[in-house]
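Notes to accompany the following structure.
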Amino acid sequence: DSAGDRIYPTHGSVTSLLTEWAPSGFLSESHFVSFNATRAVYRPLIAGVIMATRLDLGVAVPTGTSTDLLPNKRFFAGGTTSMRGARRRKLGPQDDAGAPLGGEARLLAGLELRFPLIWRLRGALFADSGQVWARRQDFRWQDLELAIGPGLMVETVVGPIRADLGFNVTDRPAGEPRSVLHVSIGHPF
């Protein structure tokens, strides 16, 4: 973590790596290995404008006699902190009732320009892209979904209180909205 400030980063970067392993015969009947890498970079541009970027890649594999991942070990996406063009956990595989199933692989990328407006108000323009695949072998670049939109935030001592409106650029599955409003506290990355 070399970001100058965790609540309002203006420069530097944050990198995280998470690996989990449940080997065969070791305190579990569900065996898997999982890897997730995330990197966010913050760069000052001009007149208080900050460019924030993020890349997140996750892969999980059932091992041994396991043929599927437990639901709490699958990857999910969609929502305030991942892909703002989708509702919470609604990016990727879903069952017939529309409930999210998660998957073995996830790729998320984001770019956001944050800029001052007046008083404690700040604006943002963002582009988010991503997808979750049920099986890691199903990964295809053309499956990535893209959303763009504006954001408005108020700076507070606990972090920005923000509203982001994501407009889907790519085709969404039937029944999913073309735009999604997210209200949150904190930056998405």
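The values are calculated or read from the model by the stated rules, or taken from the named source; none is laboratory data. Quick caveat: nothing in here was measured; it's all calculated off a predicted structure. We place every Cβ from the backbone using ideal geometry, glycine too, and count neighbours over all the protein chains shown. Each accessible area value is taken on the protein alone, full model and side chains, heavy atoms only, with ligands, DNA and RNA left out. Shrake-Rupley method; radii C 1.70, N 1.55, O 1.52, S 1.80 Å.
Residue under question is Leu57, and the condition is that it be out of contact with any Gly (no Cβ under 8 Å at 6 or more places or on another chain), without any contact (Cβ under 8 Å) to a residue 60 or more places away in the chain and open to solvent by 20 Å² or more (accessible area, probe 1.4 Å); does it hold? Criteria met by Leu57.
With a requirement of 2 or more residues that are among the aromatic types (Phe, Trp, Tyr), the strands (runs of 3 or more DSSP E) lying completely within the range 120-189 that satisfy it span 121-133.
Just the residues that are of a type outside the set (Gly, Ala, Ser), surrounded by fewer than 23 Cβ atoms within 10 Å (Cβ to Cβ) and assigned to a loop (DSSP other than H, G, I, E, B), please, taken from the range 71-117. Residues satisfying the conditions are Phe76, Thr80, Thr81, Arg87, Arg88, Arg89, Pro93, Asp95, Asp96, Leu101, Leu117.
The single condition among (1) in contact with a strand residue (DSSP E or B) (Cβ under 7 Å, 6 or more places away or on another chain); (2) more than 23 Å from Val169 (Cα to Cα) that Gln137 does not satisfy is (1).
Number of residues in the range 145-155 that are open to solvent by less than 40 Å² (accessible area, probe 1.4 Å) and touching a Ser or Thr at 6+ places or on another chain (Cβ under 7 Å) equals 1. Considering Val180, Val158, the condition of being open to solvent by 40 Å² or more (accessible area, probe 1.4 Å) and under 22 Å from Ala40 (Cβ atoms) is satisfied by Val158 alone. Taking the criterion of being under 30 Å from Tyr8 (Cα atoms) and open to solvent by 50 Å² or more (accessible area, probe 1.4 Å), the residues of the range 29-54 that qualify are Phe35, Arg39, Arg43, Pro44, Leu45, Ile46, Ala47, Met51. The set of residues from the range 105-155 being of a type outside the set (A, V, I, L, M, F, W, C) and either within 14 Å of Leu55 (Cα to Cα) or without any contact (Cβ under 8 Å) to a residue 24 or more places away in the chain (or both) comprises Arg106, Gly110, Glu112, Asp128, Ser129, Gly130, Gln131, Gln137, Arg140, Gln142, Asp143.
Does the range 2-13 contain at least one residue that is in contact (Cβ under 8 Å) with a residue 60 or more places away in the chain and either more than 29 Å from Thr156 (Cα to Cα) or of a type outside the set (A, V, I, L, M, F, W, C) (or both)? Yes, the conditions are met somewhere in the range 2-13.
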